[in-house]
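Undergrad: One structure, pasted below without further comment.
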Amino acid sequence: MTVKVRFAPSPTGFLHVGNIRTALVNWLFARKMGGHFLLRIDDTDAERSKAEYTAAIKEDMQWLGLNWDSEEHQSQRFDRYRSAADTLRTQGRLYACYESAEELDVQRKMQASRGLPPIYNRAALNLTEEQKAAYEQQGRKPHYRFLLNDEEIVWDDLIRGPTHFKATHMSDPVLLREDGLSVYTLASVVDDGEFSITHVIRGEDHVSNTAVQVQLYKALGFAVPSFAHMALLKTKEGEMSKRLGGNDIRALREAGTLPMAVNSLLAKIGTSDPVEAFLDLAALAESFDFKKFGRAPANYDVAELEKLNEKLLHQLPFSAVKDKFGFIDETFWLSIRANIKKLDEVQQWWDIFHQHLNAIDEIDRIFLREACALLPDEPWDETTYDTWISKIKSHSNRKGKEIFMPIRKALTGLEHGPELKKLLPLIGYEKTKTRLFGISLGMELS
């Protein structure tokens, strides 16, 4: 059997880390098993689905390195869902219902008041043809429910272990809306069956959907795939949501986060493995194992992502950034990479060397004038700074921070950052002299 999995996002917003974790786990499993990774765009909701979100989904996945082997769109498969519905109708497993949302709500409340479970009472099964015609004359259009067999539904979940549901404790699910369009429950099963999906890997919020879909696979003559339901991601604020924002992949990318920082974190949180920085997806795939996944919610911590990002940045070769920052050279990159947390800080450091605005008090301006006069001659290298400081110490009563802090602030505008011995060769003799002398005179230089 060739393993085949699918990632099925809805193009109704940008992908957030919860979505990507599902995509990543599917991708890693497929690659570990030498299998097939399908990208299925669930765009049956014509009102909310947007082409720009579909494009964004692909862009984010490509940025993370999650290439797909094939692609399908549910909006192009409505005929297949109608055909499946006809099959179920012929079997007597699909029946018309005419209750409004308000009537169903009243029914649930009445059941709750009597201590009964809030499941559909199957009243529509008893409708006569005359009653159905009367509803039609009132302008009501039916939605269609799937008649569940009264049996225990069991599967051996790859993460949760043996999982049991009693069909009698569940409502017959709606498969077709009043407008005739298929809902996710039916469309997903038809796609899984016709695309020969062998493993369905998704969040545990889909467990009850799976119980229903197990019967649907069988009713439509499809092989029932294996299932793995992951515990959901949690943050300090609560569950992840693409509608709430703040954790979407696009925002992380635009902020300069490295793709492998995202992959490294999302592949390991919620598992027994330690979270560590991986340089490539191949190593992550090799370490993948469903047995390592726990049942407790996985905690997503932005601070942990930032630490991973720093570790990866500090060992990132110049070749990995030269196309993104065409204005820098390798010497510059190697000098600053140990002091940045995100890639977007590269521009800040570049600006330090090419423009500067800073106010220095009178006493420090006098000191800077003296320090400027003691600048070593060119050529400059990483020994220049120590040579310069030694000369300053021999001509000044200042020590330690009193020496290097005014110089750092004058040259960078910051009180911390890369070592000055690495910065000086980058800034160069002429610009260093111009900045120090100009600031010593109370000028603001660019």
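The values are calculated or read from the model by the stated rules, or taken from the named source; none is laboratory data. Since we're looking at a predicted model, the values are computed, not measured. Cβ atoms come from the backbone with ideal geometry, glycine included; neighbour counts cover every protein chain shown. Ligands, DNA and RNA are stripped out before the accessible areas are found, and what is left, the full protein with its side chains, is counted by its heavy atoms. Shrake-Rupley method; radii C 1.70, N 1.55, O 1.52, S 1.80 Å.
Undergrad: Checking A46 against (1) outside any loop (DSSP other than H, G, I, E, B); (2) hydrophobic (A, V, I, L, M, F, W, C); (3) more than 27 Å from L266 (Cβ to Cβ), which single condition isn't satisfied?
TA: Of everything listed in (1) outside any loop (DSSP other than H, G, I, E, B); (2) hydrophobic (A, V, I, L, M, F, W, C); (3) more than 27 Å from L266 (Cβ to Cβ), A46 misses just condition (1).
Undergrad: Residue under question is P162, and the condition is that it be under 38 Å from the mean Cα position of the chain (by Cα), open to solvent by 60 Å² or more (accessible area, probe 1.4 Å), closer than 30 Å to A296 by Cβ and not small (G, A, S); does it hold?
TA: In short, yes.
Undergrad: Here is a follow-up. Looking at region 189-208 only, could you name the residues that are in contact (Cβ under 8 Å) with a residue 60 or more places away in the chain and either within 12 Å of V5 (Cβ to Cβ) or within 23 Å of the chain's Cα centre (by Cα) (or both)?
TA: D192, F195, S196, I197, T198, H199, V200, I201, R202, G203 - these are the residues of region 189-208 that are in contact (Cβ under 8 Å) with a residue 60 or more places away in the chain and either within 12 Å of V5 (Cβ to Cβ) or within 23 Å of the chain's Cα centre (by Cα) (or both).
Undergrad: Could you grab me the full set of residues in region 177-195 that are under 24 Å from G35 (Cβ atoms) and β-branched (V, I, T)?
TA: The answer is V189, V190.
Undergrad: Which of the residues belonging to region 272-310 are touching a Ser or Thr at 6+ places or on another chain (Cβ under 9 Å), part of a helix (DSSP H, G or I) and surrounded by 12 or more Cβ atoms within 10 Å (Cβ to Cβ)?
TA: Answer for region 272-310, where residues must be touching a Ser or Thr at 6+ places or on another chain (Cβ under 9 Å), part of a helix (DSSP H, G or I) and surrounded by 12 or more Cβ atoms within 10 Å (Cβ to Cβ): L284, K292, V302, L305, E306, L308, N309.
Undergrad: With (1) open to solvent by less than 20 Å² (accessible area, probe 1.4 Å); (2) among the small types (G, A, S); (3) within 24 Å of L279 (Cα to Cα); (4) out of contact with any Leu (no Cβ under 7 Å at 6 or more places or on another chain) as the list, and A23 as the residue in question, which single condition is left unmet?
TA: Result: A23 passes all but (4).
Undergrad: Identify, by number, the condition in (1) under 15 Å from the mean Cα position of the chain (by Cα); (2) at pLDDT 95 or above that V17 doesn't meet.
TA: It fails just one condition, (2).
Undergrad: Still on this structure, please answer the following. Go over the candidates A55, A46 one by one and state the one that is at pLDDT below 95 and among the aliphatic types (A, V, I, L, M).
TA: Result of the check over A55, A46: A46.
Undergrad: Shifting gears a bit: Within region 177-191, count every residue that is crowded, with 23+ Cβ neighbours inside 10 Å and of a type in the set (D, E, K, R).
TA: Here the count works out to 0.
Undergrad: Here's another thing I want to ask about it. Could you give me the residue pairs with C-beta distances under 7 Å whose first residue belongs to region 169-183 and is closer than 18 Å to A46 by Cβ, whose second residue is part of a loop (DSSP other than H, G, I, E, B) and of a type in the set (D, E, K, R) wherever it lies, and which are 6+ apart or on separate chains?
TA: From residues that are closer than 18 Å to A46 by Cβ, the pairs are E178/K141; V183/R177.
Undergrad: For region 324-344, name all the residues that are open to solvent by less than 50 Å² (accessible area, probe 1.4 Å) and under 20 Å from K421 (Cβ atoms).
TA: I328, F332, W333, S335, I336, I340, listed by residue number.
Undergrad: For region 85-103, enumerate the residues that are out of contact with any Ser or Thr (no Cβ under 8 Å at 6 or more places or on another chain) and either of a type in the set (D, E, K, R) or surrounded by 16 or more Cβ atoms within 10 Å (Cβ to Cβ) (or both).
TA: Those that are out of contact with any Ser or Thr (no Cβ under 8 Å at 6 or more places or on another chain) and either of a type in the set (D, E, K, R) or surrounded by 16 or more Cβ atoms within 10 Å (Cβ to Cβ) (or both): D86, L88, R89, R93, L94, Y95, A96, C97, Y98, E99, E102, E103.
Undergrad: Same structure, new question: Could you check how many residues of region 273-295 are touching a strand residue (DSSP E or B) at 6+ places or on another chain (Cβ under 9 Å) and aliphatic (A, V, I, L, M)?
TA: Within region 273-295, residues that are touching a strand residue (DSSP E or B) at 6+ places or on another chain (Cβ under 9 Å) and aliphatic (A, V, I, L, M) number 0.
Undergrad: Just to be sure, is R31 open to solvent by 60 Å² or more (accessible area, probe 1.4 Å), under 27 Å from I201 (Cβ atoms) and part of a helix (DSSP H, G or I)?
TA: So R31 passes the test.
Undergrad: Just the residues that are open to solvent by 80 Å² or more (accessible area, probe 1.4 Å) and at pLDDT 80 or above, please, taken from region 396-418.
TA: Passing the criteria: N397, K399, K401, E402.
Undergrad: Just the residues that are outside any loop (DSSP other than H, G, I, E, B), under 12 Å from G65 (Cβ atoms) and open to solvent by 10 Å² or more (accessible area, probe 1.4 Å), please, taken from region 254-266.
TA: P259, M260
Undergrad: Could you tell me which of the residues V3, V17 is out of contact with any Gly (no Cβ under 7 Å at 6 or more places or on another chain) and touching a residue at least 60 places away in the same chain (Cβ under 8 Å)?
TA: V17 is the lone residue from the list that is out of contact with any Gly (no Cβ under 7 Å at 6 or more places or on another chain) and touching a residue at least 60 places away in the same chain (Cβ under 8 Å).
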